[in-house]
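First the structure, in the form of structure tokens, and then the observations on it.
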Amino acid sequence: METAEIARRFLSFFEKNGHTVVPSASLIAEDPTLLLVPAGMVPFKPFFLGQRTPPYATATSVQKCIRTKDIEEVGKTSRHATFFQMLGNFSFGAYFKEQAIPLAWELVTTPVEDGGFGIDPDRLWVTVYLDDDEAEQIWREKVGVRPERIQRMGMEENYWSMGVPGPCGPCSEIFYDRGPEFGVEGGPEADENRYIEIWNLVFMQYERGEGGDKSGFPILGELPKKNIDTGLGLERLAAVLQGVDNIYETDIIGRVLHRAAELTGTRYGDKHEQDVMLRVVADHVRSAVMLVADGVKPGNEKAGYVLRRILRRSIRNLRLLSGTDAFHLHELTAVSIDAMKDIYPDLLDKADVVHGVIDTEERNFADTLRAGTTLFGRAAERTRQAGGTTFSGSDAFQLHDTYGFPIDLTLEMAAEQGLTVDETSFRELMQNQKNTAKADAKAKKLGNADISLYATLLEGAGSTDFLGYSDAESESHVK
Ligand code: ATP
Ligand code: MG
Ligand code: MG
Ligand code: MG
């Protein structure tokens, strides 16, 4: 079943069950605590928090998501994308576990000819939170799942909270068993690669009090109105229904991947390392297209930095794969747009803008690489000649300061040559520069001069730090 068809079926199933179909919100989060939307519930957060009254009691959506914290997993696992789509159904005090669980099961297991996804129940496992006997009972008695197919999981896996006082509650997840060739027997507890997580059902049931952390916190009591928030990964379900080994080989991402292999003269499936790079390229180009289409521009901070990082990583991987410095992003952007246009027809109107932004970044980065690679090579050589394996912080700083090399690029290039980077000293130098700029800005301000240039510098200096955005986009509060 094609990805676009899976999305349509999901929405139409929940629409038939009384849910209002809500279009995806932009990837750029309205929520000031987030940069980019990492989960389907984000646009509904004000309803869950009781800050706004929802215009419907139940809703369903296919939400565009970006998970920056998964970037390093991309291509290495079978299931993590940077951009992905979350199918969801939501209840704002209307129904709870006793309906949400059977609904999810019905959709997943109803035969394809009857509008469902036709998954063999024998392939499915579920998890519930440690003390959620109620959910377990529904799975066993209302749905008929065998007790040995239900596993209990702890806070980390199966509990949702925003990390602050407010609603919280247990989760229950559905896993698909890909079979013995993918790992060991024993359910999701035993092997997260063989048993792939597809659907998370969150039961917002309690009110969380002040204090505590991920390992535990005070619960004030039951919520007066209990809510449902679910998230089913569209790409993961597509991998399952299309019978491919991972999300990168599904109908949409797979097209970008195979074109990248053609363009770089490589064969997907030949060498593990190359395969990972091809998956990274396919994922990153598609993600970049979706980010630019939603208005993100490459930059040195926040969402702009996420975009810059994934574009630059794509370019580097393409160069490594092809062994040349040929430009391939234009073609891969075109393939991504073509592959996604059924689900997002607006991409066609935005194609020129998307191409313009991505082409420019590719050219700029080529200049950066040309200038910086020579300096990098010399510094690496010096390090080795001195018998060391640590690339100095001051070299990394100079690359950053003079050539605009993001630290993660230096880290990657160093690792390729078996070197580590003195990151502590790099960060100290960055901090010194920031402090100096701040002091200068202050002095200028006292003199009533124009400080806008310094402000720009400060922003740039602060955020090229790779760790910057993962902090800013903590996902602890959007399971
Ligand atoms: P995992 O444990 O596999 O990393 P998760 O528990 O972090 O997944 P949730 O936060 O529960 O994922 O999100 C709900 C659903 O969204 C998941 O069950 C999965 O189907 C999908 N999903 C989550 N992260 C990704 C991703 N990086 N790429 C593709 N799909 C994802
Ligand atoms: Mg995860
Ligand atoms: Mg999980
Ligand atoms: Mg989960």
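Assorted remarks:
- Selected residue (only one of 374, 390 is in the same structural domain as residue 286 (by TED's automatic domain parsing) and farther than 22 Å from residue 298 by Cβ): 374
- Residue within segment 290-310 that is surrounded by 24 or more Cβ atoms within 10 Å (Cβ to Cβ) and within 20 Å of residue 416 (Cα to Cα) present: yes
- Test: residue in segment 97-112 that is within 22 Å of residue 9 (Cα to Cα) and part of a loop (DSSP other than H, G, I, E, B): yes
- Residue check, residue 59 open to solvent by 50 Å² or more (accessible area, probe 1.4 Å) and either away from ligand 2 (no atom under 16 Å from the Cβ) or assigned to a loop (DSSP other than H, G, I, E, B) (or both): no
- Only residues that are more than 15 Å from residue 374 (Cβ to Cβ) and either in a loop (DSSP other than H, G, I, E, B) or basic (Lys, Arg) (or both) were counted in segment 401-420, giving 3.
- Test: residue in segment 232-241 that is part of a strand (DSSP E or B), within 16 Å of ligand 4 (Cβ to nearest atom), open to solvent by less than 10 Å² (accessible area, probe 1.4 Å) and in contact with a Pro (Cβ under 9 Å, 6 or more places away or on another chain): no
- Taking the numbered list (1) assigned to a loop (DSSP other than H, G, I, E, B); (2) surrounded by 14 or more Cβ atoms within 10 Å (Cβ to Cβ) in turn, residue 395 passes all entries but (1).
- Residues satisfying the stated conditions in segment 188-238, i.e. at pLDDT 95 or above, β-branched (Val, Ile, Thr) and away from ligand 3 (no atom under 14 Å from the Cβ): 228
- The number of residues in segment 195-207 that are under 20 Å from residue 231 (Cβ atoms), surrounded by fewer than 24 Cβ atoms within 10 Å (Cβ to Cβ) and away from ligand 2 (no atom under 16 Å from the Cβ) comes to 2.
- Evaluation of residue 424 against (1) polar (S, T, N, Q); (2) modelled with pLDDT under 90; (3) open to solvent by 40 Å² or more (accessible area, probe 1.4 Å) (one fails), failing number: (2)
- Residues of segment 118-135 classified as without any contact (Cβ under 8 Å) to a residue 60 or more places away in the chain, open to solvent by 10 Å² or more (accessible area, probe 1.4 Å) and in contact with a Phe, Trp or Tyr (Cβ under 7 Å, 6 or more places away or on another chain), total: 2
- Taken over segment 116-147, the criterion of being over 22 Å from residue 226 (Cβ atoms) and in a strand (DSSP E or B) is satisfied by 124, 125.
- Residue pairs whose Cβ atoms lie under 8 Å apart, sitting 6 or more positions apart in sequence or on different chains, and linking a residue in segment 65-87 that is not assigned by TED's automatic domain parsing to the domain that holds residue 279 and aromatic (Phe, Trp, Tyr) to a partner that is in a strand (DSSP E or B) and within 12 Å of ligand 2 (Cβ to nearest atom), are 83/65; 84/65; 84/233.
- Which numbered condition residue 415 misses (of (1) under 17 Å from residue 319 (Cβ atoms); (2) touching a residue at least 12 places away in the same chain (Cβ under 8 Å)): (2)
- Selection of segment 88-108 for residues being of a type outside the set (Gly, Ala, Ser) and either within 16 Å of ligand 2 (Cβ to nearest atom) or open to solvent by 30 Å² or more (accessible area, probe 1.4 Å) (or both) yields 98, 99, 102, 105, 106.
- Whichever residue in segment 148-185 is within 16 Å of ligand 1 (Cβ to nearest atom) and assigned to a loop (DSSP other than H, G, I, E, B) and, among such residues, is surrounded by the fewest Cβ atoms within 10 Å (Cβ to Cβ): 154
- Test result for residue 441, away from ligand 1 (no atom under 16 Å from the Cβ) and either at pLDDT 80 or above or in the same structural domain as residue 363 (by TED's automatic domain parsing) (or both): no
- Scan of segment 69-87 for residues that are more than 16 Å from ligand 4 (Cβ to nearest atom) and surrounded by fewer than 21 Cβ atoms within 10 Å (Cβ to Cβ), ordered by number: 72, 76
The values are calculated or read from the model by the stated rules, or taken from the named source; none is laboratory data. Because the structure is a prediction, the values reported are computed rather than measured. Don't worry about glycine lacking a Cβ; one is built from the backbone with ideal geometry, like all the others, and counts go over all protein chains shown. In case anyone asks, the SASA skips ligands and DNA or RNA and just uses the protein heavy atoms, side chains included. Shrake-Rupley method; radii C 1.70, N 1.55, O 1.52, S 1.80 Å.
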